[in-house]
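Below is one structure, written out as structure tokens; the observations come after it.
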Amino acid sequence: MMDEMDIEVEHYDTSTLAFEDVSEEYAPYVTAAVELGITTGRTDTRFGTEDPVTRAHASLFMTRAMNLEADDLSTLLQFEDVSETSFASEALATVHSMAL
């Protein structure tokens, strides 16, 4: 995602990255994503590098990265597995309505 957005991750200071499960190779990418508000990780010390990325999480990452907002949550009615109170309901509606 960072490469596609032309974000130069090598300029981010990884020395303060507290995630114990992020390798040195990926630390610049994770640092950039955290500093840009795209993600926060699972806990203060665990990013979740081995965790699957769900549709909800991917939607959140995309909408945060591109500063997108939902115009209409009614598209959520098409999804039986997503309630309007879900932590990612607005993000899911946004990516669906924009066909991302």
Taking every alpha carbon pair in the range 1-54, what does the distance histogram look like in 5 angstrom bins from 0, in percent? 4, 21, 33, 26, 14, 3
If the chain between GLU69 and GLU10 were fully extended at 0.36 nm per residue, the gain over the current Cα-Cα distance would be 18.4 nm
Radius, Kirkwood style, for the chain when every pair of distinct Cα atoms is counted (Å): 14.6 Å
Any chance you could list P(r) for the range 59-99, counting all Cα-Cα pairs in 10 angstrom bins from zero, rounded to whole %? 34, 59, 7
Compute the long axis of helix 55-66 from its Cα atoms, compare it with the longest principal axis of the Cα atoms of the chain, and write down the angle in degrees, 0 to 90, nearest 10. 70 degrees
Put a dot 7 Å past each Cα toward the Cβ at LEU100 and HIS57; how far apart are the dots in nm? 1.7 nm
Given 0.36 nm per residue, what is the gain on full extension from ASP3 to GLU84 after removing their alpha carbon distance, in nm? 26.0 nm
Need one number: nm distance between label points at GLU35 and ALA18, each 7 Å from Cα along Cα→Cβ, rounded to one decimal. 1.7 nm
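All of the numbers you see were taken from the coordinates with simple rules; none came from a lab. Note that the structure is predicted; figures quoted are calculated from it, not measured. Reconstructed Cβ throughout: ideal geometry from the backbone, glycine too, with neighbour counts over all protein chains shown.
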